[in-house]
Amino acid sequence: MIDKLEQIALIKKLNQHKPMPIIWWTCLVLVLPLLCSLLGIQTIWRIGLLFGVFNCVVSYQVGKLIKTLSLKPYWLLFLPICFCLLVLLKYAKYNLLFGLIYLIFEVFGLMDRQIYK
């Protein structure tokens with residue numbers, strides 16, 4: 001199914017741009033909470049598993065991607081800002097703290113095992 005999506009002309013053209021993996025991961029981070037709400041998943045599970053675990057792993061990977069693709073450092077702010085905008089529109093304000101947590105995990109991904117050096 002992913003192969004079929006990649007064959008669409010618009011997606012092919014978009015994927016030629018260097019920062020598109022970060023944009024795709026950010027879209028996934030923004031769509032999953034909305035899907036969980038539509039599916040009726042309880043708030044505690046959504047916040048615990050999705051915001052607390054899954055999005056932290058994704059933000060770490062985004063940090064590694066920024067280093068791998070040699071993107072400018074301001075791309076570190078893209079995921080947390082988009083997430084905070086989603087929180088302002090739909091969720092409780094205390095979830096804004098996750099934007100900061102995601103930024104920290106992205107910096108850890110950017111450092112790529114150079115934490116102790």
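Rule-based calculations on the coordinates, nothing more; no lab input. Everything numeric in this text was worked out from a predicted model, so none of it was measured. For neighbour counting, all protein chains shown are included, and Cβ atoms are generated from backbone atoms with ideal geometry for every residue, glycine included.
Remark: LEU10 falls outside the filter, which requires a residue to be aliphatic (A, V, I, L, M), assigned to a helix (DSSP H, G or I) and either surrounded by 10 or more Cβ atoms within 10 Å (Cβ to Cβ) or at positive phi (or both).
Taking segment 60-79 as the range and being over 14 Å from ILE23 (Cβ atoms) and touching a Leu at 6+ places or on another chain (Cβ under 9 Å) as the test, the residues that pass are GLY63, LYS64, LYS67, PRO73.
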